[in-house]
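The values are calculated or read from the model by the stated rules, or taken from the named source; none is laboratory data. Owing to the predicted nature of the structure, the values given are computational and were not obtained by experimental measurement. Heads up, the Cβs are rebuilt from the backbone with ideal geometry, glycines too, and the neighbour counts pull from every protein chain shown.
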Ligand SMILES: [Mg+2]
Ligand SMILES: [Zn+2]
């Protein structure tokens, strides 16, 4: 089994998800099942096949470099969705560098 | 056997576009917190990035200026990590295929020798916001005004072998981006920041393990940080230890680097192509349009200054070290004595700027006034010495050169009769010295020059004064 | 026939002839939602008051001579589309209190066409699911049998349209999320060509696969919505410059002479026999309308689900990183430091299926696995596109079943993610390739559950799909059947 509880822990930490210790084995088992599904890819010969990152065979459009005005009323609407803010700033628990 | 330091630099240059790289928020520095934000740079659900054309052109301009390959097709990727000033939880950057490939930069070192430093690549990416740790006691405040400002990250080869080479490279790069007008290069405001990769090895051996020192925002800090790091690593190596590959921060107050333990934990950025952005494809004609708009570059300008103005390499190098200084020089020197102009700019003007902490861009003396000052020397309205006095007034108070000369009565005395009168008075006052001189004490000539010049308040034309004085002294009484 | 039994095109004619007003229509549908939806839970948020304001405005505009295409027609949006000032949850606890400060382009375009917005429709959380059971706001019920799921992730849209709570709705489709619920609920739903409908303001699941589309009772109604929805959007870099189309105008194109491909891969083991039977009957019907049936092969369809469950979670793991409890969304009360804030907020804000996909996505992108999973899946994606390219060199359309089974019972698959994923076995390849596909109702099981067939087309064949769907619906009445739902006094 490649999805051990340790793998789950490491991946959850990468993804910033707190998983209760008690759930780890169950999650590992479900992820292992998904892994078995996606492992089927390894049987497909893909030598010399180009990757496909995107369905559109177009190129990136460019935007003209023009700045739009911004005002505090607009900013305050954005801040309203913030769980915690003060003095126009979003707040998080103190970050120690 | 001594240690050799190996240095490579990663420089983050904020591009001076009007708007951010993926949205139309202004990039202006110093606004109210979070004023310059929108759904895109706040990473609101559903908001999508669209690439700024000017950021692309500025990256191309840089690539052309360092003789780099411009990739006809480059890809934007996501660098995934969590940090409060990174609103999307990933930074849009270029990873596998950057817009600018290999290029190089030619340095002139302090001893006059030249050195080529390789540029590995330069890629477009977005800047993060700012974390304010001081404003609140228990919290960190997040200001996303800077989030999404376009950056060009310029990565050098590990080609530098001393702190001073690293500084020379960074200065050259700094001058170049300002020449190209792709960045304001303001290091205090963080528009031009540098990470240094530093390792030690015995000469000829493979590279040692490197430490990466983050966010050096002055030339002096770069130098100090590398010097500290060299000592630190040498101590480790010589006591039989191993240098750990890690990220370190430079503490400018203590002059030392320290490990950023927190950030090291599981650095797995999970890069993959950003599905919200398509490949950036550049037509040949697009690149040629940018090429045609490039200004004269520093190396070419230096060469031209040497040829057109007959300046020595050193002078040409100093005067072309910034585009603003070079432009200033060209206004001042046109049709005048080019070496005189060079001396004045390199000596008096740069000295005064240095003392007042100003840059050539904010020089209180307009180039036209500086030029007029030198003209007044050349047309003998004032002497070189008086000119320094005029310059000091000009630098401190501004105003017009001719007005200063008139107001202060500094116009040079060129009337031979007036000068003769002054000399006669001096000789009359110092009969003893005159006798001694005539008895063979030649050295006293300088004394008389000084006295006469003093009597003229420095305004006497020096050559005339010399000539008439000699005539008078040598004439038997 | 009651007012709510009319489709969008019919209601449009009634409004144009001034036989009804937008206010009457809106009032009627709001009332019907209030009385029928408690047993379905297809709506998360109602836009009652505001809808009436919009309806009054529409009536005024009509009196002033406005000829906006969809003036006064009530619709509802999947709760994945940002609506300015109106809560947008994406089916998640994470966004329980999120009020977008801007409209999605789809919302804006449909509003400009004159529609009245009744509310926001339930969905699988962050569009991750095939049964609508992952919604934080409760599972949606299938109007044909409320013990059954409506499909997902646009299950609220499908159920609401099928139950006549709204004449038409928007949905999004990343791996089948329009077509599968449309099939389970017996309605018509189009997954357009990638790039024809703007993704701006639509909360991203997997950016290179997501596409918004119409869900309604007929191909004709879908075409009306597409006329307004499709179009180039400079705010979406992946919006196609030629995205706009004349969908309604192209509806009358005849079926005669079209070459229709049938891929045996779609009729393999695991396909419900009643579905096989009804879809084959539908194919025969198309043949009788003058189409020529041609066998085609899609050999890589078998691994499409595998490729999808690498690529979609990979993109999702990154797209959902922005939900960190800082600028909006759920923020844990049980965090003492920054890392706990992230980990707890995301654990509490996301449901189990979303967390599962974030984990899989983070895993396949992480150091050491990227090549084996992510790059490999992108190569297989190329092969899947090649399969379609080869097929569409021979045929104009491909027809098959939309789902391997009819709607399944609530809770039947919630503990077995992989069996749930296989519900999309016929729809996923279309998203990987980026081509359009349409679900059409084509029969019922003996138990009375709807059966859907899927028409797949080449890039930009959206108009053709709708025209063929329209012709089929002119000749059949499957799409006109309606579930028997009691009104409950709420
Ligand atoms: Mg970088
Ligand atoms: Zn912005």
Residue count, segment C:348-368, condition surrounded by fewer than 19 Cβ atoms within 10 Å (Cβ to Cβ) and either without any contact (Cβ under 8 Å) to a residue 60 or more places away in the chain or facing chain A (nearest Cβ under 7 Å) (or both), comes to 2
Test set (1) without any contact (Cβ under 8 Å) to a residue 60 or more places away in the chain; (2) within 14 Å of chain C (Cβ to nearest Cβ) - residue B:117 fails condition number: (2)
Filter segment C:231-250 down to the residues that are under 19 Å from residue C:397 (Cβ atoms) and surrounded by 22 or more Cβ atoms within 10 Å (Cβ to Cβ) and list them by number. C:247
Only one residue in C:307, C:372, C:377 is surrounded by fewer than 20 Cβ atoms within 10 Å (Cβ to Cβ) and either out of contact with any strand residue (DSSP E or B) (no Cβ under 9 Å at 6 or more places or on another chain) or at pLDDT below 95 (or both). Which one? C:372
Please give the number of the condition residue C:110 fails out of (1) surrounded by fewer than 19 Cβ atoms within 10 Å (Cβ to Cβ); (2) in contact (Cβ under 8 Å) with a residue 60 or more places away in the chain; (3) over 26 Å from residue C:131 (Cβ atoms). (1)
Given the criteria outside any helix (DSSP H, G or I), on the phi > 0 side of the Ramachandran plot and either modelled with pLDDT under 95 or facing another protein chain (nearest Cβ under 7 Å) (or both), does residue C:329 qualify? no
Counting only residues that are more than 23 Å from residue C:129 (Cβ to Cβ), give me the helices (runs of 4 or more DSSP H) lying completely in segment C:408-490 with at least 2 of them. C:462-475
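Take the conditions on the phi < 0 side of the Ramachandran plot and out of contact with any helix residue (DSSP H, G or I) (no Cβ under 7 Å at 6 or more places or on another chain) and apply them to residue B:293. Does it pass? I'd like the intermediate steps shown before the answer.
Working: on the phi < 0 side of the Ramachandran plot: yes; out of contact with any helix residue (DSSP H, G or I) (no Cβ under 7 Å at 6 or more places or on another chain): yes.
Against the criterion (on the phi < 0 side of the Ramachandran plot and out of contact with any helix residue (DSSP H, G or I) (no Cβ under 7 Å at 6 or more places or on another chain)), residue B:293 qualifies.
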Scanning for something part of a helix (DSSP H, G or I), surrounded by fewer than 12 Cβ atoms within 10 Å (Cβ to Cβ) and not assigned by TED's automatic domain parsing to the domain that holds residue B:383, does segment B:451-460 turn up at least one residue? no
Check B:399, B:352, B:387, B:342 and return the single one that is in a loop (DSSP other than H, G, I, E, B) and within 29 Å of the chain's Cα centre (by Cα). B:399
If you go through segment B:411-421, how many residues are part of a loop (DSSP other than H, G, I, E, B) and either under 15 Å from residue B:455 (Cβ atoms) or at pLDDT 85 or above (or both)? 2
Taking segment C:57-88, which residues are surrounded by fewer than 24 Cβ atoms within 10 Å (Cβ to Cβ) and either touching a helix residue (DSSP H, G or I) at 6+ places or on another chain (Cβ under 6 Å) or in a loop (DSSP other than H, G, I, E, B) (or both)? C:59, C:64, C:65, C:66, C:67, C:68, C:69, C:71, C:84, C:85, C:87
Only one of B:249, B:280 that is more than 20 Å from residue B:194 (Cα to Cα), in the same structural domain as residue B:21 (by TED's automatic domain parsing) and touching a residue at least 24 places away in the same chain (Cβ under 8 Å): B:280
Give the number of residues within segment B:4-41 that are surrounded by 23 or more Cβ atoms within 10 Å (Cβ to Cβ), closer than 30 Å to residue B:205 by Cα and more than 16 Å from ligand 1 (Cβ to nearest atom). 1
Might you let me know whether segment C:17-39 holds any residue that is buried (at least 21 other Cβ atoms within 10 Å of the Cβ), farther than 25 Å from residue C:223 by Cα, within 22 Å of the chain's Cα centre (by Cα) and modelled with pLDDT of 95 or more? yes
Checking the structure you have, find out if any residue of segment B:196-211 is more than 16 Å from ligand 2 (Cβ to nearest atom), within 21 Å of residue B:321 (Cβ to Cβ) and more than 14 Å from every other protein chain (Cβ to nearest Cβ). no
